[in-house]
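A short write-up of the structure that comes next.
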Amino acid sequence: MGAMQDYINRGESYILKTYQRYPIVLERGEGVYLYDTDGKKYLDFAAGIAVFALGYGNKDYNDALKEQIDKIIHTSNLYYNVPAVEAAEKIVKTSGMSKVFFTNSGTEAIEGALKVAKKYAYCKDPSKEYEFIAMNHSFHGRSQGALSVTGNAQYQEGFVPEKMRAVFAEYNNLEDVKSKITDKTCGIICEVVQGEGGIYPADKEFLEGLRTLCDEKDILLIFDEVQCGMGRCGSLYAHDLYGVKPDVMALAKALGCGVPVGAFVTAEKASYALVPGDHGTTYGGNPFATAAVSKVYDIFDKLDLVDHAREVGTYLFEKLEELQTKHDCVIAHRGVALMQGIELNRTVGDVINKAMERGLILISAGSNVIRFVPPLIITKDHVDEMIHILDEVLEEIG
Ligand SMILES: *Cc1c(COP(=O)(O)O)cnc(C)c1O
């Protein structure tokens, strides 16, 4: 038995089976390539699910983390720490928003954002019940609060307490959202580009309409930019593309580029709802995690990664359009910059497996969509390399 199969067997023995994992053990990365424990090389078009924007082994990033390890890894939110202050400042200055709360994950960023909206409504009228409007096919995380606004029965079933149920509206359908607003509604939450739901970008009129609606009702608009934020859509924050500002924004995934960290960011109006004692976390915003965040912002700047993502994204878009023309099994192509997807007329598991055999890592979004969320440092040559393999695989499956 090979070393890789041995790891897989042990993984099956000891790790709780909540994933149907692909049968490879990834050991190290270099740029946009990953290597498994047998030394096989893969071109990575998944980036650990839209996380590792910088690519693997960025020296600046690695050095910053090593340096921080030698200074201090953890203190507590009972005190200030330098990296957290610096990282929060960078988020505020780049977003034009007001305050930051660091979390350990995207899910926790959503939890915090939901609490802000509830508390904001509570401060106005403590006697009421509160309800959220969320979107069909959305994904916001797996905790019970975040799940409650996740519009996908597959994730929700059996896990959402009755009291936490949100009201779901059709994405990009403003009239549907309007028809669901009641005096209980305390917030509207949506992704700016839906990720897990199949790569659906919002329409400009839709986001503008949500903004107006929330202003009229004095309720909070929450944008989940956990996946679509951090340059992936060709602007640092996806909502910048639309010129529509949220009251609360959730970030994670590429925020720390692999170090587990998320954040919810509040606009001025939403910055005073939570007061000391209302929310907390032991690890959230610790110096190690926030040193990563701070460095990520520096490297984005230094490498002009957002412009780069937009440029390569345009190229990827053209190439995927060509692929769609060539293969009948590709029935749709959507997305922006380095967050794109193609929809097939069948489930995509087979395509992903065959691509993996040929040294290309792809991921799905739902059952019929292949999602392209590579490291942002990807080049046109890498796009060509990916398209070449995918073309062969699509040819083979017919
Ligand atoms: C991944 C994701 C989350 C959850 O983030 P975790 O870090 O997995 O908890 C929330 N919202 C969106 C849009 C995501 O893509």
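Residue-normalised convex hull volume from the C-alpha trace of segment 78-144: 151 Å³ per residue. Loop sites here are chymotrypsin sites (Phe, Trp or Tyr not before Pro) outside DSSP states H, G, I, E and B with no more than 12 other Cβ atoms within 10 Å. The longest part of the chain free of them is 81-398. Taking θ as phi - 60° and the Karplus parameters 6.51, -1.76 and 1.60, the scalar couplings of segment 369-384 work out to 10, 8, 9, 10, 9, x, x, 5, 7, 4, 10, 4, 4, 5, 4, 4 Hz in sequence order, x denoting glycine and proline.
For the chain, the longest principal axis of the Cα atoms and the long axis of helix 204-217 meet at an angle of about 20 degrees. Modelled this way, with points 7 Å down the Cα-to-C-beta line, the labels at E30 and E162 are 5.9 nm from one another. With N as its number of residues, segment 212-347 has a Cα radius of gyration that, divided by 2.2 N^0.38 Å, comes to 1.28. Between D381 and E175, the FRET efficiency estimated from the beta carbon spacing at R0 = 45 angstrom works out to 0.50. Put simply, the Cα atoms of segment 6-74 extend 37, 30, 22 Å along their principal axes, the longest span coming first. With one equal scatterer per alpha carbon and no solvent term, the Debye-computed log10 I(q)/I(0) for the chain at 0.13 1/Å reads -1.14.
Counting only residues at least eight positions apart within a chain, or on another chain, the aspartates and glutamates with an alpha carbon under 18 Å from that of K93 are E225, D240, D247, E268, D298, D301, D304. Using the Karplus relation 6.51 cos²θ - 1.76 cosθ + 1.60 with θ = phi - 60°, the per-residue 3J(HN,Hα) values for segment 37-50 come to 5, 8, x, 6, 9, 10, 7, 9, 9, 10, 6, x, 6, 6 Hz, with x marking Gly and Pro. Working note: Karplus 6.51/-1.76/1.60 with θ = phi - 60° gives segment 246-258 the couplings x, 8, 9, 10, 9, 10, 5, 5, 6, 4, x, 6, x Hz, where Gly and Pro are set to x. Tell me, rounded to the nearest percent, the portion of alpha carbon pairs in segment 286-398 spaced more than 24 Å apart. Pairs farther apart than 24 Å: 30 percent.
Excluding the sites themselves, what is the longest stretch of the chain that contains no GluC sites (Glu not before Pro) in a DSSP loop with at most 12 other C-beta atoms within 10 Å?
Working: sites that count: E129, E157.
Looking at the chain, 158-398 is the longest stretch - no exposed GluC sites (Glu not before Pro) with at most 12 other Cβ atoms within 10 Å.
Extension gain, R21-L78: 0.36 nm per intervening residue step, less the Cα-Cα distance, totals 16.6 nm.
Based on DSSP H segments of at least four residues, each scored -39500 (n - 2.57), the chain has a per-residue ellipticity at 222 nm of -12500 deg cm²/dmol. For segment 74-200, the Kirkwood hydrodynamic radius comes to 16.2 Å, computed from all pairs of different C-alpha atoms. Multiplying each eigenvalue of the alpha-carbon gyration tensor of segment 1-158 by 5 and taking the square root yields semi-axes of 35, 26, 15 Å, largest first, rounded to whole angstroms. Less than 5 angstrom separates the built amide H of A332 from those of E343, all sequence-distant by 5 or more or on a different chain.
Size estimate for segment 162-288 follows the Kirkwood approach: the inverse of mean 1/r over distinct Cα pairs works out to 15.8 Å.
What is the magnitude of the charge dipole of segment 81-226 about its Cα centre, with +1 placed on the Cβ of each Lys and Arg, -1 on the Cβ of each Asp and Glu, and no other charges, expressed in debye to the nearest 20? Numbers along the way, then the final one.
Working: 17 positive and 23 negative charges, 97 e Å.
The dipole magnitude comes to about 460 debye.
Of interest is the spacing of the C-alpha centroids, which for segment 196-240 and segment 1-64 amounts to 31 Å.
Measure nothing fancy, just the Cα-based angle from helix 82-95's long axis to the longest principal axis of the chain, in degrees from 0 to 90, nearest 10. It is inclined by approximately 90 degrees.
What is the magnitude of the charge dipole of the chain about its Cα centre, with +1 placed on the Cβ of each Lys and Arg, -1 on the Cβ of each Asp and Glu, and no other charges, expressed in debye to the nearest 20?
Details: 41 positive and 57 negative charges, 222 e Å.
My answer is approximately 1060 debye.
Could you list which residues have their amide H under 5 Å from that of L274, counting only those 5 or more apart in sequence or on another chain, with H placed in the peptide plane? For L274, no residues qualify.
Using the Cα atoms of segment 129-235 to build a convex hull, what is its mean projected area in square nanometres?
Values: hull surface 26.5 nm².
Averaging across all directions leaves 6.6 nm² for the Cα convex hull.
Placing R0 at 41 angstrom, the Cβ-Cβ distance between V85 and Y122 gives a FRET efficiency of 0.90 after rounding to 0.05.
Only the coordinates and a few stated rules stand behind these numbers; no lab work does. Just so you know, these numbers come straight off a predicted model, no measurement behind them. Neighbour counts are summed over all protein chains in view; Cβ atoms, including those assigned to glycine, are modelled from backbone coordinates with ideal geometry.
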